2 protein chains.
Amino acid sequence: MERHARRIARVQARLAALDVHALVVAPGADLTYLTGYDALALERPTLLIVRADGPATIVAPLLERARVQGEVLLDDLAVVTYGEHDDALVLAADRIGGAPGSVVALGDTMWTSFTLGIQRALPDHRWAVASDIIGPERVVKDAEELVRLRAVAAAIDAVHRRVPEVLRAGRTEQAVAADLATMIRDGHDEVSFVIVASGPNAASPHHEPGPRTIEEGDVVVVDIGGVLDGYCSDMTRMYAVGHAPPEFLAPYAVLERAQAAAVAAVRPGATAGEVDAAARDVLAEAGLGDAFVHRTGHGIGTQTHEEPWILGGSTVALVPGMAFSVEPGFYLDGRFGARIEDIVVVTEEGVEVLNVVPRDLVVVR
Amino acid sequence: MERHARRIARVQARLAALDVHALVVAPGADLTYLTGYDALALERPTLLIVRADGPATIVAPLLERARVQGEVLLDDLAVVTYGEHDDALVLAADRIGGAPGSVVALGDTMWTSFTLGIQRALPDHRWAVASDIIGPERVVKDAEELVRLRAVAAAIDAVHRRVPEVLRAGRTEQAVAADLATMIRDGHDEVSFVIVASGPNAASPHHEPGPRTIEEGDVVVVDIGGVLDGYCSDMTRMYAVGHAPPEFLAPYAVLERAQAAAVAAVRPGATAGEVDAAARDVLAEAGLGDAFVHRTGHGIGTQTHEEPWILGGSTVALVPGMAFSVEPGFYLDGRFGARIEDIVVVTEEGVEVLNVVPRDLVVVR
């Protein structure tokens, strides 16, 4: 309880410092972070309103009153419930209040139907994204959050160790993905995503597992994640079925070096851009710069993707407690692709790598 | 392919008729409905832009280009991809275009961060919710959609038949819910939700299964749903463990009559409000009006909750092809609660009830 009250207090301090009148968040990671409440994301809005100048308010449907009372971990909270014929967004606007021109920060993932209703009720307010306020709080994980991130990282490590049990020639990507989902479920509360991208499909970073039959000589990207105790895993390893194409081995060795270089660049005071550059430079020197089509990583916590973004040119300075993926890759259309991904945490001394399964290409069968 | 092109054409006709310049939707049910593409809902926007006056455009991250090409089922589509350093929302605004004052309809569930970015780039446009445009299209299911709704209804019927295998005194709600999730997964592609609300918890309509141990003499609400082939199930039946409290039986008999009355009121030309009243009147006559704290139902399709809303006073006229839940209930704080829920479809002749498991109280063990 203490913990969530402290988070609300920090948000209020930040609102005051930035002259933002209020923060409004809907069900999802922000609401859970601030109140402990994992509310239903449905058409009846549940909205947490935090004003710089008073106690927090939650606006929730009458039929979910018992859930709010049972699950919200804040003592100092006003609860406003509404019935099926009330306009919840007008009620919320009333609780937001503030003079015309006031700035209100709205949850990044909040539904647009809620935002448009609030904007209609407060036509002269101005609007910002909630991540400007709550992002800098969520980005630094406390000791309890790090315990959970380590646990969920261990859970996904265990799944990667078992990939050779199910990945083999003659099976479809979809069949392998279904088996991996079952394995993820064993050690997590839920499955977030499963990418099994084989042969030429490995050149598509966000490939959806499909009907393609995996063949001898394929390289396969396995990028998987789940949620355990509210925190997310996300981990990629590379597999070859029987053997890899000979021309894959040299770029893969470069990728291993690139990923290791980016991990080694992680320390307090380094910028996100420097971590990205550490990987990108190694790939570019080997002529693979154009084949590395995405940023080096993303923060992780209660969402699989959150701040900080490990993006070229970013001047965001790393501080202890930040957790993010380091996942360079290369993608060669029509041929193959590869990615290696670990979750790392910035420590006082440098870096803690949460995923420990070796990064070598794993040859199955 | 034809099918999605026809849907786009109908949306364009509606945009023109309502003098709305463009529709913008993000990953989710609207995007899938219009393009077939089940895109990733992440921080890199994927946006479908349909203007009244030209071909549709999809704005998507460069690293998902292969997915767009492989999964979008529209021939006449402009694809605009962006890299990690581009402002996707400025790109989208450019494609939306239109004179100042133009009305743009934005996806109801689209992330607010996308909406605020588009609003910033088009400061003199006006904004509406996409459901004003696409709702009246999605609300009427075609023959192929009805086939899928029947299939997923049969899948959840099968789970309710198996509830007596896992629901018994001495087990926690959470344990029963976990077993039901496994059963749902057997016949669906994914689990949407599982409500197991026992004893006094049954008085909370959206109760989250918790550590409470189920006892002899409890009544238990089991409200479960999943997704099969893109379409949703949602079905509630009532169970008693060993026996029900004697004082539960009379109100439950009223509820059975109320639910049957609402189902019987479903026919083309009736209003949603009349269906709600049919159930509510029966409960009110028995003194249970105040205990029925929610609307009678919600539409269902690719989302568990969508239009039409079966709400008191609604003048929305039912037309053949509409699919929705009929789920009256009563909730008595500290004592017990009950709900009976079927999915029904409006037919030319009246109503087709998709769930066939009997609605009687099921006594387990």
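Sketch the reach of a paramagnetic label on residue A:40 as a point 7 Å from Cα along Cα-to-Cβ, and name the residues of segment B:180-200 whose backbone nitrogen lies under 14 Å away. Once the point is set 7 Å along Cα→Cβ of residue A:40, B:192-197 turn out to lie under 14 Å by backbone N, inside segment B:180-200. Ascending distances from the residue B:320 label point to its copies in the other chains, with the point 7 Å along the Cα-to-beta-carbon line: 7.1 nm. For chain A, the mean residue ellipticity at 222 nm estimated from helices alone is -11500 deg cm²/dmol, where every DSSP H run of n ≥ 4 contributes -39500 (n - 2.57) and the total is divided by all residues, rounded to the nearest 500. Couplings 3J(HN,Hα) for segment A:40-46, derived from phi with the Karplus relation 6.51 cos²θ - 1.76 cosθ + 1.60 (θ = phi - 60°), are 6, 8, 10, 6, 8, x, 10 Hz, where x marks Gly and Pro.
Take residue B:41, push a point 7 Å out from Cα through the beta-carbon direction, and compare it with the same point in every other copy: 0.4 nm, smallest first. So, in Å, what gap is there between the alpha-carbon centers of segment A:189-222 and segment A:80-140? Using only Cα atoms to place each centre, the spacing works out to 40 Å. Mean per-residue shielding of peptide A:61-69 is 5, counting Cβ atoms of other chains within 10 Å of each Cβ. In chain A, the DSSP beta bridges split such that about 70 percent are antiparallel, to the nearest 5. Take the convex hull of the alpha carbons in the protein assembly as shown; its mean projected area over all directions comes to 30.5 nm².
In terms of its alpha-carbon gyration tensor, segment B:159-252 comes out prolate; a/c meets the 1.5 threshold, and the first ratio a/b outweighs b/c. Classify segment B:184-299 from the C-alpha gyration tensor, please: rounded if a/c falls under 1.5, else prolate or oblate depending on whether a/b exceeds b/c. Verdict is oblate for segment B:184-299. Using a label point 7 Å beyond Cα on the Cα-Cβ vector, give me the inter-copy distances for residue B:347 in nanometres, one decimal, shortest first. Here the equivalent label points are 6.8 nm apart from this one.
Work out the P(r) tail for chain B: percent of alpha carbon pairs separated by more than 29 Å, whole number. Intermediate values should be presented prior to the final figure.
Values: 31515 of 66430 pairs.
Value for chain B (Cα pairs over 29 Å): 47 percent.
For segment B:294-361, GluC sites (Glu not before Pro) meeting the loop criterion (DSSP other than H, G, I, E, B) and having at most 10 other Cβ atoms within 10 Å: B:348, B:349. What do you get for the angle between helix B:173-187 and the principal long axis of chain B? Use alpha-carbon atoms, 0 to 90 degrees, nearest ten. Helix B:173-187 sits roughly 60 degrees off the main axis of chain B. For segment B:96-224, the square roots of the Cα gyration tensor eigenvalues, ordered a ≥ b ≥ c, give a/c of at least 1.5 with a/b greater than b/c, which places it in the prolate category. DSSP assigns beta bridges within the protein assembly as shown; of those with both partners inside it, close to 75 percent run antiparallel.
FYI, it's all coordinate maths here, none of it is from the lab. Not measured: the values here are computed from a predicted model. FYI the Cβ positions are ideal-geometry reconstructions off the backbone, even for glycines, and counts take in every protein chain you see.
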